[in-house]
Amino acid sequence: MTEVNNRPEQEAQDDVIVISDLNKWYGDFHVLKDINLTVKKGERIVICGPSGSGKSTMIRCINRLEEFQRGSLVVDGIEMIDDVKNIEAIRRDVGMVFQHFNLFPHLTILENLTLGPIWVQKKPKDEAEAIAMKYLERVKIANQASKYPGQLSGGQQQRVAIARSLCMSPQIMLFDEPTSALDPEMVKEVLDVMIELAEEGMTMLCVTHEMGFAKKVADRVIFMDGGEIVEQNTPDTFFANPETDRLQLFLSQILEH
Amino acid sequence: MSSSSHHTTRVFEPKPSQPAPVTAAGPIAWLRNNLFAGPLNSITTLVIVAFFLWAIPPLLDWLLWSADFSGTTQQDCTSSGACWVFIQAWSQQLFYGSFPDTEIWRINLTLVLLALVLSSPYWLPHHLRNRLDLALLVIFPFVAIAILDGRILGLEYVSTDFWGGFSLNLLLASASIILGMPLGFLWALGRRSNMPMARSISVILIEFFRGVPVLALFFMGSVMLPLFFPEGTNVDKLLRVWIVLTLFMAGYMAEVYRGGFQAIPNGQYEASAALGLSYWQTTLLVILPQVIKVSMPNILATSIMLFKNTTFLLIIGIFEVLSTAQTALTNSNWLGGYATEAYLFVGVVYWICCFGMSRVAANIEKKLDTSHQS
Ligand SMILES: Nc1ncnc2c1ncn2[C@@H]1O[C@H](COP(=O)(O)OP(=O)(O)OP(=O)(O)O)[C@@H](O)[C@H]1O
Ligand SMILES: [Mg+2]
């Protein structure tokens, strides 16, 4: 389906995320159990599952917002080890969008976007602002550049948060339930931005229960339950022919609403 | 939308404020609503008005109508009212201490610089603000010392024995607040740190300087601080006091910041980490401004407390404003009990300064408030 699949000899190089036998505990509580997941460049992955199944924990391991105790994780060829240099290098490649936006309330929208480019990438202010304005145009919010986050609606804030990540030109974007803190009427404006991003070929891992979005853009849908990846498939098969009972139950629960 | 959107965080949407309903406006309605809302309320109002009618005329009479304003010596105070001549005669001492007449411009210059530094966010060009504000603040105490002491600048040397009066209270308090605030922030960071060493040192410092009364600290400062300086160096008394006040301020500020830190949601750290900001970048660019913002009321309260505590210095023989007033009261040319005038004057001057500080802080708070349409 993707360009990558036409050139199998390059496959190994095109694996941007390789998670092998990843395990994580909170004290005695085994949150992630032998997670294995390989993501190719340009692949769009949707992750779903019941509350507490470890979806957030898993994607937060990818940029080291969470540590793990066993297994290995390689992002864009960089091994995730307990070393500041490696962690910094990985974070430069990975953008993240949160459920609650997490914009910096004391900075204007423009300053929110330029903070990373100026301080992390050491870009000159003019250049950082030009890039920021470009992405604000893309998420259709350029006219709000001088406002503060508190003055924007939830949907607008989440689009700003996406633009803020994009300003760092990440190779991979992680989304953790980006629309579930939004009022229903604002969900679409955020999903539209994400769909556009997917169409441009961004590698995306997205925890969401927006099944319409999954059907439309996902290359693969992953179902997690009890800290395990229970099932993964193309969206067509995933929704039409769920293999496990657990997924059937989960789908019936979320679709009956 | 599917109900899987279990977390329903509603975003606060400000609406324009509306004028009060017409029925509740106007002076008569105001009186009825606020002063005569019921029998008990009306009686209270009448009692308070009666008290004012009884107390205010004699007070005004003493303060103004029968008071003496002109003259230079005790003999000019003949009436039954207050003797403001006393304050006038001692005003230079009360404000500048024993600083030589010809050098008083140096104190004035320092105070003007202080005002300029404190107001720098208002007049500095926007692009310089964040960079210069802090630098200006932190170098101010040292510039002030250079100007007042004079030796480095080739001015006449004025020993700290001659510094005094209200200007000394002002300068000591500002110098301690200015250095105590960042120091307290470092201690607060240390307390939150993962490094056991940094954490225990910070906790000890914070608890010590918060737990010991400031007076005891002053005495310890005179006895103990010299032990930390090389043998034989005579450490200036004012310098010791300044160090003690700074550490005292830092201890209190560390506690104030601790409350501020707790108000910062974890998401702010996570978003900073995801952007790749380092620990210090996150702390200084993302967390510090928000901590300052939520702590503003407590920062102000602590600053005012410190400013008022500078009057304790009279006990260790530093000629700040209150001890100058006492000197004036025991002066043989002015025997006769002008204590009321003296303490009232000091009290009012202090009150004006503290009130001014809280106005400025309210202004800053408003400026920092980015949560709704402005
Ligand atoms: N800091 C923590 N300490 C202990 N347990 C935790 C911690 N954070 C998460 N957990 C537990 O780990 C499990 C997985 O949490 P996680 O947030 O990854 O779930 P999730 O699949 O994202 O769920 P949701 O849909 O509610 O966001 C949950 O049972 C949660 O209670
Ligand atoms: Mg989650």
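The values are calculated or read from the model by the stated rules, or taken from the named source; none is laboratory data. No experiment lies behind these values; they were computed from the predicted model shown. Don't worry about glycine lacking a Cβ; one is built from the backbone with ideal geometry, like all the others, and counts go over all protein chains shown. Keep in mind that these areas ignore ligands, DNA and RNA; they rest on the heavy atoms of the full protein, side chains included. Shrake-Rupley method; radii C 1.70, N 1.55, O 1.52, S 1.80 Å.
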Next item on the list: Given the peptides A:69-81, B:180-192, arrange them by the average over their residues of other C-beta atoms within 10 Å, most packed first.
Entry: B:180-192, A:69-81
Item checked: Span from the region A:166-182 Cα centroid across to the region A:83-136 one, whole angstrom -> 12 Å
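For region B:85-222, rounded, prolate or oblate, judged on the Cα gyration tensor with a ≥ b ≥ c (square roots of eigenvalues), a/c < 1.5 rounded, else prolate if a/b > b/c?
Details: a/c = 2.40, a/b = 1.45, b/c = 1.65.
It comes out oblate by the Cα gyration axes.
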Next item on the list: Return the whole-Å distance between the Cα centroid of region B:190-227 and the Cα centroid of region B:52-91.
Entry: 47 Å
Note to self: I'd like the mean, over residues of A:64-76, of how many other protein chain beta carbons sit within 10 Å of each residue's own Cβ.
What the structure shows: 1
Check: Looking at region A:143-257, what % of its DSSP beta bridges pair antiparallel, to the nearest 5?
Finding: 50 percent
Next item on the list: Hey, could you get me the Stokes-Einstein D for the protein assembly as shown, Kirkwood radius over alpha-carbon pairs, 20 °C and 1.002 mPa s, rounded to whole µm² s⁻¹?
Entry: 72 µm²/s
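In percent, what relative contact order does region B:268-340 have, based on Cα pairs under 8 Å that are 6 or more apart in sequence? If you can, show how the numbers build up before the last one.
Working: 23 pairs, mean separation 10.2, N = 73.
For region B:268-340, the relative contact order is 14 percent.
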Item checked: Net charge of Cβ neighbours under 15 Å - reference B:L186; Lys, Arg +1; Asp, Glu -1 -> +3
Item checked: Global form of region B:164-368, assessed from the alpha-carbon gyration tensor, a/c cut-off 1.5 -> oblate
Notebook entry, point to check: Counting only heavy atoms of protein chains, what accessible area per residue, in Å², does region B:96-163 have with a probe of 1.4 Å?
Noted result: 59 Å²
Item checked: All lysines inside 20 Å of B:K237 as judged from Cα atoms, apart from same-chain residues fewer than 8 positions distant -> B:K308
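Run through the DSSP bridge list for the protein assembly as shown and note the antiparallel percent, rounded to the nearest 5.
Numbers: 20 of 39 bridges.
Antiparallel bridges: around 50 percent, rounded to the nearest 5.
Peptide A:95-107: average number of partner chain Cβ atoms within 10 Å per residue?
Numbers: counts 3, 5, 2, 4, 4, 8, 4, 9, 3, 10, 10, 13, 5.
The mean count of partner-chain Cβ atoms within 10 Å per residue comes to 6.
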Next item on the list: Please give the total accessible area that chains A and B bury against each other, computed with a 1.4 Å probe and expressed in Å² to the nearest 100.
Entry: 3100 Å²
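Evaluate the relative contact order of region B:164-368 (contact order divided by residue number), counting alpha-carbon pairs under 8 angstrom at least 6 apart; express in whole percent.
Values: 191 pairs, mean separation 56.8, N = 205.
In percent, rounded to a whole number, it is 28.
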Notebook entry, point to check: Under the definition of partner shielding as Cβ atoms of other protein chains within 10 Å of a residue Cβ, what is the mean value for peptide A:202-213?
Noted result: 1
Next item on the list: Could you tell me what percent of the accessible area of the protein assembly as shown is made up of carbon and sulfur, with a 1.4 Å probe and every protein chain present?
Entry: 61 percent
Item checked: Cα gyration tensor shape of chain B, rounded if a/c is under 1.5, else prolate or oblate by comparing a/b with b/c -> oblate
Notebook entry, point to check: So how far, in whole Å, is the C-alpha centre of region A:189-257 from the one of region B:249-320?
Noted result: 45 Å
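Over 23 Å between Cα atoms: which of A:K24/A:K55; A:K55/A:K134; A:K41/A:K125; A:K55/A:K215; A:K40/A:K123 fall into that group?
Working: A:K24/A:K55 12 Å; A:K55/A:K134 32 Å; A:K41/A:K125 31 Å; A:K55/A:K215 19 Å; A:K40/A:K123 29 Å.
Violating the 23 Å limit, Cα to Cα: A:K55/A:K134; A:K41/A:K125; A:K40/A:K123.
Find the relative contact order for chain B and round it to a whole percent, using C-alpha pairs within less than 8 Å whose residues are 6+ positions apart. Walk me through the intermediate numbers first.
Details: 349 pairs, mean separation 62.2, N = 374.
That works out to 17 percent.
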Check: For chain B, list the DSSP H helices whose alpha carbon atoms reach 30 Å or more along the long axis and whose average Kyte-Doolittle value is 1.0 or above?
Finding: B:39-60, B:126-149, B:165-192
Check: Quick one: net charge of B:F209's neighbours, Cβ under 15 Å, K/R +1, D/E -1?
Finding: +2
